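The values are calculated or read from the model by the stated rules, or taken from the named source; none is laboratory data. Predicted model only: the values in this text are computed from it and were never measured. Every residue, glycine among them, receives a Cβ derived from its backbone with ideal geometry; neighbour counts consider all protein chains shown. These accessible areas exclude ligands, DNA and RNA; they are computed on the full protein's heavy atoms, side chains included. Shrake-Rupley method; radii C 1.70, N 1.55, O 1.52, S 1.80 Å.
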Amino acid sequence: MKYRELGNTGMKVSELGFGASSLGGVFHSFDEHRGIDAVFAAVDAGINIIDVSPYYGHYKAETVLGKALKDIPRDKFYLSTKVGRYGKDGVNTWDYSAKRAKESVYESLERLHIDYIDIINVHDIEFQGRMEGGLQKVVDETLPALHELKREGVVRHVGITDLQLENLRWVIEHTEEGTVESVMNFCHYCLCDDKLVDFMDFFEQHHIGVMSASPFSMGLLTERGVPDWHPAPKPLVEVCRQAAEHCKAKGYPIEKLAMQFSCSNPRIATTVFSTTRPEAIRKNLEYLSEPMDEELVKEVRDIIGDQQRVSWANT
């Protein structure tokens, strides 16, 4: 396992991170015991960064993850969770107020059975950007509340997450240096979209650690293909399907190439992927132990063609 510095946090995180969204049944139903075993398998393999959110499964992911963390020594992992997005009884809710952010942190601590949170993130800030107060509310209210908790020792570091890289940059530009210590972005460093590289200089100039997520672009870069709810435009879905078929014909699963590519950039501290299957942990680590087929990367990107960097709105 390779480990990389996460900005100025002092944390050295594994190049592959464990995303616990699947533990909320976000993508499909699962066996809870196997999901817990997947957490154990990840930590046993040297994965030391675990990412979750109250939003995933409307608190279920944190609850299931907490059952696993009770049996794992605290010095074996860093825990990243979030505030801002929630839900109950199948209804999504958003609240980026200082009061709710602080309440949410303490609720997460209880569900996760831990005493402090290594990284607390403002989750998908673009939703606040659509509401009254806009992104300025994240600057004026959410982030200061989380830094109060940092001073109290409840959280160690503060970050922000979003699909839209421009929103991450805007918030960083409108806060004092050091307010944002890390960013998490998804679906922008993978075979079909590498837009994240355009922002790396900016993040590094501000000493911000970068975490990427979804190396398979939420299912686009898999042989199984996208789920019905995937927001990608149909032309992008089609070329990714063609790319998967091309890789299959070469005897090189697109999942393998996608994972290798997403973890290949040393400027990105960690790439987070989610699973409830212990064997998937082992399989993806096997992928990373092998050299990437650079020529196949070029072929796949040629197939994707003008759909490269085509994105979508977060929903």
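Please say if segment 188-235 is rounded, prolate or oblate, where rounded means a/c under 1.5 for a ≥ b ≥ c the square roots of the C-alpha gyration tensor eigenvalues, and otherwise the choice is prolate for a/b larger than b/c and oblate otherwise? It comes out prolate by the Cα gyration axes.
Taking Cβ atoms as reference points and 10 Å as the exclusive limit, the residues near residue 185 contribute a net charge of 0, counting Lys and Arg as +1 and Asp and Glu as -1. Ligands, DNA and RNA left out, the 1.4 Å accessible surface of segment 73-198 is 47% carbon and sulfur atoms. Where both bridge residues fall in the chain, DSSP classifies roughly 20% of the beta bridges as antiparallel.
Remark: accessible surface ordering of 255, 286 (largest first) is 286, 255, probe radius 1.4 Å.
Between residue 97 and residue 29, the distance separating the two model label sites (each 7 Å from Cα on the Cα→Cβ line) works out to 3.7 nm.
Projecting the Cα atoms of 49, 10, 96 onto the dipole axis of segment 1-96, where Lys and Arg carry +1 and Asp and Glu carry -1 at the beta carbon, places 10 farthest toward the positive end. Placing +1 on the Cβ of every Lys and Arg and -1 on the Cβ of every Asp and Glu, with nothing else charged, gives the chain a dipole about its Cα centre of roughly 560 debye.
Sorting the segments 67-73, 28-34 by their mean number of nearby beta carbons within 10 angstrom, highest to lowest, gives 67-73, 28-34. For segment 118-151, the set of GluC sites (Glu not before Pro) satisfying both a DSSP loop assignment and a count of at most 10 other C-beta atoms within 10 Å is given as 132. Averaging the Cα positions of each part gives two centres, and for segment 37-67 and segment 181-254 these lie 22 Å apart.
Considering every Cα-Cα pair within segment 96-156, what fraction, in whole percent, is farther apart than 15 Å? Counting pairs separated by more than 15 Å, the tail of P(r) holds 48 percent. Here segment 3-67 exposes an accessible surface that is 48 percent carbon and sulfur, computed with a 1.4 Å probe and the other protein chains kept in place. Computed over protein heavy atoms with a 1.4 angstrom probe, the accessible surface ordering of 108, 274, largest first, is 274, 108. Once the convex hull of all Cα atoms in the chain is built, its volume per residue stands at 123 Å³.
Taking other residues whose beta carbon is less than 10 angstrom from the beta carbon of residue 4, and scoring Lys, Arg as +1 and Asp, Glu as -1, yields +1. This model, with +1 at the C-beta of Lys and Arg and -1 at the C-beta of Asp and Glu, gives segment 142-259 a dipole about its Cα centre of some 560 debye. Taking a ≥ b ≥ c as the square roots of the eigenvalues of the alpha-carbon gyration tensor, segment 160-315 is classed prolate because a/c is 1.5 or more and a/b outweighs b/c. The orientation-averaged projection of the convex hull spanning the C-alpha atoms of segment 28-97 amounts to 5.4 square nanometres.
Averaged per residue, the chain has 42 square angstrom of accessible surface, using a 1.4 angstrom probe with ligands and nucleic acids left out.
Across segment 39-46, computed HN-Hα scalar couplings (Karplus, 6.51 cos²θ - 1.76 cosθ + 1.60, θ = phi - 60°) run 5, 4, 4, 5, 5, 4, 7, x Hz from first to last residue, x flagging Gly and Pro. Figure note: 292, 211 ranked by solvent-accessible area, largest first, 1.4 Å probe, ligands and nucleic acids not counted: 292, 211.
Overall form of segment 1-160: oblate. Here a/c, set by the Cα gyration tensor axes a ≥ b ≥ c, is 1.5 or more, and a/b is not larger than b/c. Across q = 0.09, 0.16, 0.18 Å⁻¹, segment 79-228 modelled as identical point scatterers on its alpha-carbon atoms has Debye log10 I(q)/I(0) values of -0.29, -0.90, -1.10, in the order of the q list.
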